[in-house]
Amino acid sequence: MNFRDIEPKWQKKWEETGLFKTDTGQPPKNKYYDLVMFAYPSGDIHIGHFRNYTIGDALARYKKMRGFDVFHPFGWDAFGLPAEEAAIKHGIHPRQWTLDNIERSRATLKRVGIAYDWDHEVITCLPDYYRWNQWIFIKMFEKGLAYQAESLVNWCTHCNTVLANEQVIDGKCWRCDNEVTKKTLVQWFFKITAFAERLLEGLDRLDGWPDHVKSMQRNWIGRSEGAQIVFKLEGDGTPLPVFTTRADTVFGVTFVTIAPEHPLCRNFIQNKEVQAYIETSLRRSDRDRTLEGEKTGVFTGRYVIHPLTGEKVPLWIGDYVLASYGTGIVMGVPAHDERDFIFAKKYNLPIKQVVTGTRPSGTGTTGPVPSGTGLAEAILEYGTLIDSGTFTGLTSAEARTRIPKALEEQGMGKLEVRYKLRDWLLSRQRFWGTPIPMIHCSKCGVVPVAYDDLPVKLPEGKIDFIPKGRSPLEDVPEFINVTCPKCQGKAKRDADTMDTFVDSSWYFLRYLDSKNDKLPFDSAKAVRWMPVEQYTGGVEHATLHLLYFRFFTKVFHDLGMIPIDEPATRLFNHGMVLDKHGQVMSKSKGNAVSPTDLIDQVGADVTRIAMFFTAPAEKEMLWSEDGIGGALRFLNRVFRFVGDTPIRDWHHGACPQDKVWRKLHATIKKVTDDFERFSFHTAIAALMELLNVIEEAKPEGQLAKEVAKVYTQLIAPLAPHIAEEMWETLGEKESVFLSKWPAFDPKALEESEVEMVIQVNGKVRDHLTVSVNAKEDEIREAVLINPKIKALLGDTKIQKVIVIPKKLINVVAR
């Protein structure tokens, strides 16, 4: 049968009956918010999107049959660089390019039959959405969570815009894979660091999230317990605070190193050697600078004063120190730090041991290693302090607390917790994004746009989108020139646009109330429907979207708009779909495969079954059409069995009917368990096994009809159009998705017979099927009269027959 011909019929009926529509204004009896990561409309959806969205669709349909009130919305992450690049290439406005792609992709998703509630669709590039990005920004500004500061930022020379730390992957731009450099700019930030501890603590409550995602976020947040210790620049007393987790080693400091991008380094650039070194260092990526191996530096010619000894310590600039981590200044303790040890050896700096430790192997002695430069390697173990003034004799654990407290009494240090997480840099020097709703006035300073004046809309006329290292909006007089809301004087709008990750940080809340023109969403709806029960998407966003997703939820919680501070209780990461060369599919790479050709040939359901069966949903898969033929044959067999059930005139097959009943209920249990853990490939395998038993047994009458109905229900979330057609054939009037998911009968899983192995002198010779209640004497007798075993034994004397119940019988003969 050509299944593609029946699919429009059922898609039309689902739409007409509103089968998958959800009224979020009504209290759900048994809510289930099924959320998939929305799409970037860079063209039609490809087979990778198809995989992601069919996973969410199968879950939505299954949960509906389990009696849940399912909310399954969709939308479009519609701002971003590809649209702007297309505008430059084709001479069209990015809005037109984006909306055309959305229309094409939406049509494809409807052809696939995804059970979305399209009434709640959001498109982030439209003013009715990005108005609320601006509303949120102003709220954050009022709470001190949005601020502007000069900063050395990550700069992509290809995209001509800044990047947040999370968007630099191995030293390269997450979007175009170009090397990232540094640039000093005044930028807008969200103060995500104010939530660092809560973001960390919240991970412990996310039992339904994969451990590897939580581990990646913990490492990115990077909590460290330690101490701040203040050294002072010799001469003018400028404080140079360092953060260290090893305050016990402070008496071993023999140099201090500062990051080349640290603002203090401007004081040393009169030294040409220092200036040249700084310029060279800043051309290297953060990743290159922190890789293991040789470290470089230059002496500034200045010294700092040790806060406990009063000694002069040389101040160096080193490329291995980053201004974005800690304070941008580190104390060099080469005897107790591998990196410092390498640096000291290279530049012949003193190495002073101040904590006892194990001697390097091969020395033949134990105990403290003498101080000096003779160490073969750094001593990293904790031990007892030596040569540490009044702290000598303390353990490392004691000293890590007592030394900072002593420094605090002098105003030279304190115990401190630090995080690797940096504030979210969200300014972008591009056109196609949410305009930042701030006005710059020479008299009043930075002033937010009035709430009643939102949204600040992007201009729709002719724009020069070619990137110049600054926002194209700066060159649009009618946009940039405004009146100050405070003094009514001449002022200018902020020309930058927001990072597109702002759009995806709260879209799940807008879905609940997508037509609201008074607020981002109605809190009452959020109370009813949050948190999300299941979130599905790629693991590549573990420290990008998923971190911001959690941050925004906590902000809305603190604004009193939602009762929860974690957005989703469960997270599932689907595997990426790769092309035949093992490359991730994407429009930009030109290797994306569209599902529409396959749908035209064999229909959406065949394509779905092939996709589900090819690989576990959480694993990467190489896309191949080889599985299409097998999926088509399987579904044809299913359709023949169910379609013929009302008129079947089969005779009983060789397989006993009770075996069909037992297999049916075993399959119900198996498929149910598999759906709960996204194991769709094994669910299909179980359905294939059941079909084999059915075809062998040829059930008749009421049993045949019961089996056909249950089979249709089990396969419905995976092949929804075919299931609806079969359900109608069986005489059912309502949608199969309004039927109750079948429950297995535990008694049916109890085997009445068991197959046992027959061994002779430990070697397998045959098998025996017996009643599960058979007694050992009955089993022995059955074995001894078995013709094959009798022939094998001949006149050999049987010494004993060992019976291991329900497993094996071993005949011992000599």
Discussion item. Tally up the residues in the range 265-293 that are part of a loop (DSSP other than H, G, I, E, B) and open to solvent by 40 Å² or more (accessible area, probe 1.4 Å), please.
Written reply: 7
Worksheet entry | Flag if Ile758 is part of a helix (DSSP H, G or I) and either among the aromatic types (Phe, Trp, Tyr) or touching a residue at least 24 places away in the same chain (Cβ under 8 Å) (or both) | no
Fill in: Candidate set from the range 312-345 (those that are small (Gly, Ala, Ser) and within 22 Å of Ser285 (Cβ to Cβ)); member that is nearest to the chain's Cα centre (by Cα)
Ser324
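Scan Asp452, Asp494 and give me the residue that is open to solvent by 60 Å² or more (accessible area, probe 1.4 Å) and modelled with pLDDT of 95 or more. Write out each step before concluding.
Values: Asp494 fails: open to solvent by 60 Å² or more (accessible area, probe 1.4 Å).
Being open to solvent by 60 Å² or more (accessible area, probe 1.4 Å) and modelled with pLDDT of 95 or more holds for just one of Asp452, Asp494, which is Asp452.
Tell me which residues, restricted to the range 763-801, are under 27 Å from Lys659 (Cα atoms), in a helix (DSSP H, G or I) and in contact with a helix residue (DSSP H, G or I) (Cβ under 7 Å, 6 or more places away or on another chain).
Just the residues of the range 763-801 that are under 27 Å from Lys659 (Cα atoms), to begin with: 764-783, 785-788.
Filter again for in a helix (DSSP H, G or I), leaving 776-783, 787-788.
Val783 - this is the single residue of the range 763-801 that is under 27 Å from Lys659 (Cα atoms), in a helix (DSSP H, G or I) and in contact with a helix residue (DSSP H, G or I) (Cβ under 7 Å, 6 or more places away or on another chain).
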Item to complete: Name the residue, out of Thr309, Thr249, Thr257, Thr245, that is surrounded by fewer than 19 Cβ atoms within 10 Å (Cβ to Cβ) and within 41 Å of the chain's Cα centre (by Cα).
Response: Thr245
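What about Gly226, is it of a type outside the set (D, E, K, R), assigned to a strand (DSSP E or B) and either without any contact (Cβ under 8 Å) to a residue 60 or more places away in the chain or surrounded by 18 or more Cβ atoms within 10 Å (Cβ to Cβ) (or both)? Don't jump to the end; show me each part of the working.
Values: of a type outside the set (D, E, K, R): yes; assigned to a strand (DSSP E or B): yes; either without any contact (Cβ under 8 Å) to a residue 60 or more places away in the chain or surrounded by 18 or more Cβ atoms within 10 Å (Cβ to Cβ) (or both): yes.
In short, yes.
Given the condition part of a helix (DSSP H, G or I) and either more than 30 Å from Glu706 (Cβ to Cβ) or not charged (D, E, K, R) (or both), answer yes or no: does some residue in the range 802-811 qualify? Working first, answer last.
If we filter the range 802-811 for residues that are part of a helix (DSSP H, G or I), which is where we start, we get none.
No; the residues of the range 802-811 include none that is part of a helix (DSSP H, G or I) and either more than 30 Å from Glu706 (Cβ to Cβ) or not charged (D, E, K, R) (or both).
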Discussion item. Suppose the filter is open to solvent by less than 70 Å² (accessible area, probe 1.4 Å), in contact (Cβ under 8 Å) with a residue 24 or more places away in the chain and more than 22 Å from Leu152 (Cβ to Cβ); does Leu203 pass it?
Written reply: no
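Here's the yes/no breakdown for (1) surrounded by fewer than 18 Cβ atoms within 10 Å (Cβ to Cβ); (2) at pLDDT 95 or above; (3) assigned to a strand (DSSP E or B):
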residue: Asp128; (1), (2), (3): yes, yes, no
residue: Ile136; (1), (2), (3): no, yes, no
residue: Gly144; (1), (2), (3): yes, yes, no
residue: Asn154; (1), (2), (3): no, no, yes
residue: Val186; (1), (2), (3): yes, no, yes
Discussion item. Of the conditions (1) modelled with pLDDT of 95 or more; (2) touching a Gly at 6+ places or on another chain (Cβ under 7 Å); (3) surrounded by fewer than 18 Cβ atoms within 10 Å (Cβ to Cβ); (4) of a type outside the set (A, V, I, L, M), Lys414 satisfies every one except a single condition; which number is it?
Written reply: (2)
Worksheet entry | Count of residues meeting criterion [modelled with pLDDT of 90 or more, buried (at least 20 other Cβ atoms within 10 Å of the Cβ) and more than 39 Å from the chain's Cα centre (by Cα)] in the range 699-714 | 2
Worksheet item: Exactly one of (1) open to solvent by less than 70 Å² (accessible area, probe 1.4 Å); (2) over 30 Å from Lys9 (Cα atoms); (3) part of a loop (DSSP other than H, G, I, E, B); (4) modelled with pLDDT of 90 or more is unmet by Pro742. Its number?
Response: (2)
Worksheet item: So is Glu781 within 21 Å of Ala716 (Cβ to Cβ) and open to solvent by 60 Å² or more (accessible area, probe 1.4 Å) or not?
Response: no
Practice prompt. Tell me which of these Tyr303 doesn't satisfy, since it passes every other one: (1) over 27 Å from Gln167 (Cβ atoms); (2) open to solvent by less than 40 Å² (accessible area, probe 1.4 Å).
Written response: (2)
Discussion item. Restricting to the range 430-445, name every residue that is closer than 30 Å to Leu322 by Cα and open to solvent by 10 Å² or more (accessible area, probe 1.4 Å).
Written reply: Arg430
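The values are calculated or read from the model by the stated rules, or taken from the named source; none is laboratory data. Note that the coordinates shown come from a computational prediction; the quantities given were computed from them, not determined experimentally. Backbone-built Cβ (ideal geometry, glycine too); neighbour counts: all protein chains shown. Each accessible area value is taken on the protein alone, full model and side chains, heavy atoms only, with ligands, DNA and RNA left out. Shrake-Rupley method; radii C 1.70, N 1.55, O 1.52, S 1.80 Å.
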